[in-house]
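What follows is a single structure, written as structure tokens, with notes after it.
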Amino acid sequence: MKSSKVVECLNVKKTFGVGTNSEFTAIRDLNFTVEDLPGKGEFIVILGPSGCGKSTVLRMIAGLEPHFPPTEGTIKVQGNIIKGPGPDRGMVFQDYTSFDNRSVIDNIVFGLECQGKPKNERYELGYQWVQKIGLNMDKDSFKYPYQLSGGMKQRVAIARTLILKPRIILMDEPFGALDPFTRMQMQDLLVELWHEVEATVFFVTHSIAEGVYLGDRIYILSTSPGTLKHEIEVPSPDRPSKEMQRDENFQKIVNDIREIIDNEGQKDKTL
């Protein structure tokens, strides 16, 4: 029977360098459950003070070493304890991760190639995704990463992940290196594509406004070692929209979260 829970973190702790002089606990007592929402999926944003373990949480869910496995506790995806990376999870990083020796289209279809999908099928899908991410099929498909702007590179990385239709999309500061205008464009593109693929998204950002704009639900981690301190639902049926950013309730949520994170940061200074 398929689990109604997409992701479960149960009493998770992550310590690096166990038994050495550099032993460091990044995450402790982390507990949360994300339910499966038929026909959509939830957009989860992870916020918190610098160094609180936000990226560690994402990489543990992804099953990526050295962050995985957890030192203690259990992480489940759709009811199964994860044992490493899997096709049910896709990850987009802040650093541009395109293969320098592959064109835009060849980067986008790389995962399909690894899956053994026939060439004509993977390129047909690939060209569809070139258009979905707002690139020109004729002009941009055969460009190489060095010929692309930062925003275009992230569009390619997103397409390469979403074309595989993972149940869970993990995004670690994907827009952090972009200029403000491009960042806003990418936020709107992401929401549009998310609605299409109906996946659950975990999105790490340092921008509180970005988190409130994108998120259905916001997890706020404590200062290091990180644990879940607050869970906030963003109550807006029309989210996200440019009008929302001018709404008093939007600004109140942003300010409330900023105060929570500032207070957590102050705790770190007193330790």
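What to note about this one:
- Within region 14-35, the set of residues being touching a residue at least 40 places away in the same chain (Cβ under 8 Å) and surrounded by fewer than 18 Cβ atoms within 10 Å (Cβ to Cβ) comprises T15, F16, V18, T25, D29, N31, F32.
- Just so you know, in region 56-89 the residues that are free of Cβ contacts under 8 Å to residues at least 24 places away in the same chain and part of a loop (DSSP other than H, G, I, E, B) include one that is nearest to V7 (Cα to Cα), and it is I82.
- Candidates are the residues of region 202-231 that are of a type outside the set (K, R), in contact with an Asp or Glu (Cβ under 8 Å, 6 or more places away or on another chain) and surrounded by fewer than 21 Cβ atoms within 10 Å (Cβ to Cβ); the one that is modelled with the lowest pLDDT is D216.
- Take the conditions (1) under 17 Å from the mean Cα position of the chain (by Cα); (2) of a type in the set (S, T, Y); (3) surrounded by fewer than 16 Cβ atoms within 10 Å (Cβ to Cβ); S149 misses just one of them, which is (1).
- Checked against (1) in a helix (DSSP H, G or I); (2) loosely packed, with under 15 Cβ neighbours inside 10 Å, R155 passes all but condition (2).
- Test: residue in region 44-55 that is charged (D, E, K, R), under 19 Å from the mean Cα position of the chain (by Cα), assigned to a strand (DSSP E or B) and buried (at least 20 other Cβ atoms within 10 Å of the Cβ): no
- Condition broken by V234, with the remaining ones in (1) modelled with pLDDT under 90; (2) out of contact with any strand residue (DSSP E or B) (no Cβ under 7 Å at 6 or more places or on another chain); (3) farther than 28 Å from F24 by Cβ satisfied: (2)
- Counted residues, region 162-201 - those being buried (at least 23 other Cβ atoms within 10 Å of the Cβ) and polar (S, T, N, Q): 1
The values are calculated or read from the model by the stated rules, or taken from the named source; none is laboratory data. Being a predicted model, the structure only gives us computed values, none of them experimental. We place every Cβ from the backbone using ideal geometry, glycine too, and count neighbours over all the protein chains shown.
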